[in-house]
Amino acid sequence: MDSWTQILTELEGRVSRQNFIAWLKPTSFSHQDDGVLYVRVANRTCKDWLVENYLHEIRKVMLDLNLPLVEVRFLVDAPEPMDSQAQARAPSP
(Lines give C-alpha, C1' and ligand atoms only; values in the text may rest on other atoms or scores of the structure.)
Protein backbone atom coordinates (compact mmCIF):
# COMPACT_ATOMS: atom_id res chain seq x y z
CA MET A 1 0.00 0.00 0.00
CA ASP A 2 1.46 3.38 -0.99
CA SER A 3 1.96 6.13 1.59
CA TRP A 4 -0.90 8.30 0.33
CA THR A 5 -3.39 5.44 0.62
CA GLN A 6 -2.23 4.88 4.20
CA ILE A 7 -2.65 8.59 4.95
CA LEU A 8 -6.12 8.67 3.35
CA THR A 9 -7.21 5.65 5.39
CA GLU A 10 -6.22 7.44 8.58
CA LEU A 11 -7.71 10.79 7.51
CA GLU A 12 -11.05 9.18 6.72
CA GLY A 13 -11.59 8.67 10.44
CA ARG A 14 -10.40 12.17 11.38
CA VAL A 15 -12.35 14.46 9.04
CA SER A 16 -16.01 14.80 8.19
CA ARG A 17 -17.33 12.32 5.66
CA GLN A 18 -18.54 15.13 3.41
CA ASN A 19 -15.11 16.81 3.30
CA PHE A 20 -13.32 13.50 2.84
CA ILE A 21 -15.49 12.62 -0.18
CA ALA A 22 -15.32 16.12 -1.67
CA TRP A 23 -11.63 16.95 -1.21
CA LEU A 24 -9.51 13.94 -0.28
CA LYS A 25 -11.04 10.91 -1.99
CA PRO A 26 -10.60 12.31 -5.54
CA THR A 27 -6.83 12.64 -5.00
CA SER A 28 -4.33 9.98 -6.01
CA PHE A 29 -0.78 8.88 -5.32
CA SER A 30 1.69 10.03 -7.96
CA HIS A 31 5.10 9.08 -6.63
CA GLN A 32 7.47 9.37 -3.73
CA ASP A 33 11.05 10.61 -3.98
CA ASP A 34 13.65 11.43 -1.34
CA GLY A 35 11.12 11.83 1.48
CA VAL A 36 8.68 13.85 -0.60
CA LEU A 37 5.22 12.47 -1.34
CA TYR A 38 3.62 13.70 -4.58
CA VAL A 39 -0.17 13.59 -4.74
CA ARG A 40 -2.32 14.30 -7.80
CA VAL A 41 -5.28 16.64 -7.48
CA ALA A 42 -7.85 17.67 -10.08
CA ASN A 43 -7.24 21.42 -10.12
CA ARG A 44 -5.64 24.40 -8.44
CA THR A 45 -8.71 25.05 -6.30
CA CYS A 46 -8.44 21.58 -4.80
CA LYS A 47 -4.70 21.99 -4.25
CA ASP A 48 -5.15 25.35 -2.52
CA TRP A 49 -8.01 24.05 -0.37
CA LEU A 50 -6.04 21.02 0.77
CA VAL A 51 -2.99 23.13 1.62
CA GLU A 52 -5.06 25.67 3.54
CA ASN A 53 -7.32 23.22 5.37
CA TYR A 54 -5.64 19.83 5.66
CA LEU A 55 -1.87 20.13 5.24
CA HIS A 56 -1.36 20.35 9.00
CA GLU A 57 -3.50 17.24 9.60
CA ILE A 58 -1.77 15.37 6.75
CA ARG A 59 1.61 16.12 8.33
CA LYS A 60 0.34 14.88 11.71
CA VAL A 61 -0.79 11.61 10.10
CA MET A 62 2.60 11.21 8.39
CA LEU A 63 4.24 11.42 11.82
CA ASP A 64 1.62 9.23 13.54
CA LEU A 65 2.14 6.49 10.94
CA ASN A 66 5.92 6.89 11.16
CA LEU A 67 6.17 7.22 7.39
CA PRO A 68 9.57 8.04 5.85
CA LEU A 69 8.28 11.39 4.59
CA VAL A 70 9.25 14.97 5.27
CA GLU A 71 6.96 16.77 2.86
CA VAL A 72 3.86 16.39 0.69
CA ARG A 73 3.38 18.22 -2.60
CA PHE A 74 0.20 18.40 -4.63
CA LEU A 75 0.39 18.14 -8.42
CA VAL A 76 -2.42 19.61 -10.47
CA ASP A 77 -3.63 17.18 -13.16
CA ALA A 78 -5.58 19.52 -15.40
CA PRO A 79 -4.26 22.80 -16.72
CA GLU A 80 -6.16 25.83 -15.53
CA PRO A 81 -8.32 27.58 -18.11
CA MET A 82 -6.78 30.74 -19.52
CA ASP A 83 -8.29 34.02 -18.46
CA SER A 84 -9.84 36.21 -21.15
CA GLN A 85 -6.70 38.36 -21.55
CA ALA A 86 -4.47 35.32 -22.01
CA GLN A 87 -6.95 33.90 -24.53
CA ALA A 88 -6.84 37.16 -26.50
CA ARG A 89 -3.03 36.98 -26.67
CA ALA A 90 -2.95 33.29 -27.61
CA PRO A 91 -2.16 32.66 -31.28
CA SER A 92 -4.99 31.20 -33.30
CA PRO A 93 -4.48 27.91 -35.10
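Each residue in segment 25-53 was checked for being under 14 Å from residue 8 (Cβ atoms) and among the polar types (S, T, N, Q), and 3 of them qualify. Restricting 88, 22 to those that are outside any loop (DSSP other than H, G, I, E, B) and modelled with pLDDT under 95 reduces the list to 88.
Here residue 55 passes the criteria (1) over 18 Å from residue 77 (Cβ atoms); (2) in contact with a helix residue (DSSP H, G or I) (Cβ under 9 Å, 6 or more places away or on another chain) except the one numbered (2).
One residue stands out in segment 1-60 among those that are among the small types (Gly, Ala, Ser) and in contact with a Leu (Cβ under 8 Å, 6 or more places away or on another chain): the one that is most open to solvent (accessible area, probe 1.4 Å), namely 30. Selection over segment 43-84 of residues that are in a loop (DSSP other than H, G, I, E, B), out of contact with any Gly (no Cβ under 9 Å at 6 or more places or on another chain) and either of a type outside the set (A, V, I, L, M, F, W, C) or modelled with pLDDT of 95 or more (or both) gives a count of 9.
The values are calculated or read from the model by the stated rules, or taken from the named source; none is laboratory data. Worth saying up front: this structure is predicted, and the values here are computed from it rather than measured. So basically every Cβ, Gly included, is an ideal-geometry build from the backbone, and we count neighbours across all protein chains shown. Heavy atoms of the whole protein, side chains included, go into the accessibility calculation; ligands, DNA and RNA do not. Shrake-Rupley method; radii C 1.70, N 1.55, O 1.52, S 1.80 Å.
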